[in-house]
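One structure is given here, and the rest of the page talks about it.
Every number in this text was worked out from the coordinates using simple rules, so none of it is lab data. In this text, all values refer to a predicted model and were calculated from it rather than measured experimentally. Quick reminder, even Gly has a Cβ in these numbers, built from the backbone with ideal geometry, and neighbours come from all protein chains shown.
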Amino acid sequence: MSLSVNTNMGAMRALASLRTTGETLGVYSKQLQTGYRVADAMDDASTFSVAQGIRANLQAYSAVQNSLAGGVGMGSVTQSSLSNISDLVGNMQAKLTQLADGSIGASQRTIYAADFNAMTSQVSTFIAMANYNGVNLLSNASAARTFMADTSGTTLTMASQSGVSAAFTTFATSSVSSATAATAALTSLTTFQTAVGTAIGQNATDTRSLQLQSKFVDAISDATTTGLGQMIDADIGKAAAQVQSQQVRQQLAVQQLSMANQQPAILLSLMR
């Protein structure tokens, strides 16, 4: 083995090994700290650029999900009100049938009429409370709303069901002061009942479309998130093992460097 005072090859090799080990240790330590194999452009510029584009898509999916959730909420509130109105219509029909009976007395008619008026008032309350985020599909003809269905700008619509309110307004003016008037009110109630049934079907269809689209967007978002993770997430177990391994190699490189630095001292012993 040749020795040189000017050039210590052993020390140079030890230093090179120490630098390489330090760089590798830094890579895996960063993975443990961030959880990412590609945390920024310095790790892998092209992969990081692609990942940023995917993250932008995920943000767009999130916006679509929020929009669809608003539509589903609006449809659900409307459907709940319509279902309660529909249940009450059956009771109103039974009460009007009693009021259409010409054999009942005045006091009995008064009792029936009070009951009928209370139910009519309740229907009015159901319509007024069909409100979601300031929008009432039952009472406003221009209340139809569109919601984002995907990231390309496609929309789904919750149609206005103001026909219910219009039919109820006509029905609510019906008189039940006599059997004849109550019979006429039954005809008006049938028109209102038809409007409610139509609205229930249409609103249910609109709401279901929004729900199905929301599930689809959720699935796409989840799949995209999984793909992004496979692209940039670190293998934490592997990174932890590598950190330990590189730390040992680093310690060995330091010892090798120390030993290499001591070799020129052998020349001094030759001069004695």
Note the full-extension length gain between Asp218 and Thr170 as 0.36 nm times their separation in residues minus their Cα-Cα distance, in nm to one decimal.
12.9 nm
Just to check I understand the Karplus step: with θ = phi - 60° and J = 6.51 cos²θ - 1.76 cosθ + 1.60, what whole-Hz values come out for the stretch 150-167, glycine and proline as x?
7, 7, 9, x, 5, 10, 10, 10, 9, 6, 5, 10, 5, x, 5, 5, 5, 5
Stretched fully, the stretch from Ile236 through Gln211 gains (0.36 nm per residue minus C-alpha distance, one decimal, in nm) 5.3 nm
Taking the Cα atoms only, what angle lies between the long axis of helix 236-262 and the longest principal axis of the chain, rounded to 10 degrees?
20 degrees
Of the residues Met129, Met92, Met42, which exhibits the maximal mean-square fluctuation in a Gaussian network model of the chain defined by a 10 Å Cα contact cut-off?
Met42
With r as the distance between the Cβ atoms of Asn57 and Ala204 and R0 = 41 Å, compute the FRET efficiency 1/(1 + (r/R0)^6) and round to 0.05.
0.85
Binned Cα-Cα distances of the stretch 140-229, short to long, each 10 Å bin given as a whole percent
15, 29, 22, 16, 10, 6, 2, 0
Based solely on C-alpha atoms, express the radius of gyration and the Dmax of the chain in angstrom.
38.9, 141
If you line up the long axis of helix 179-232 against the longest principal axis of the chain, both from Cα atoms, how many degrees apart are they, to the nearest 10?
10 degrees
Sticking with the crude label model, points 7 Å out along Cα→Cβ, report the distance from Ala128 to Ala141 in nm, one decimal please.
2.3 nm
Quick one: Cα convex hull volume of the stretch 202-244, Å³ per residue?
53 Å³
Please arrange Arg249, Arg109, Arg55 by how many other C-beta atoms lie within 10 Å of their C-beta, fewest to most.
Arg55, Arg249, Arg109
Hey, in the GNM for the chain with a 10 angstrom Cα cutoff, which one of Val164, Val248, Val64 fluctuates hardest?
Val248
So, counting K/R as plus one and D/E as minus one, what does the shell of residues with Cβ under 11 Å around Ser67 add up to?
0
Spelling out what I want: for every residue of the stretch 100-117, take phi, set θ = phi - 60°, compute 6.51 cos²θ - 1.76 cosθ + 1.60 (Karplus), and round to whole Hz; glycine and proline get x.
7, 6, x, 8, 7, x, 5, 5, 5, 4, 4, 5, 4, 5, 5, 5, 5, 5
Residue with peak Gaussian network fluctuation, the chain [Cα springs, cutoff 10 Å], from Val27, Val217, Val123
Val27
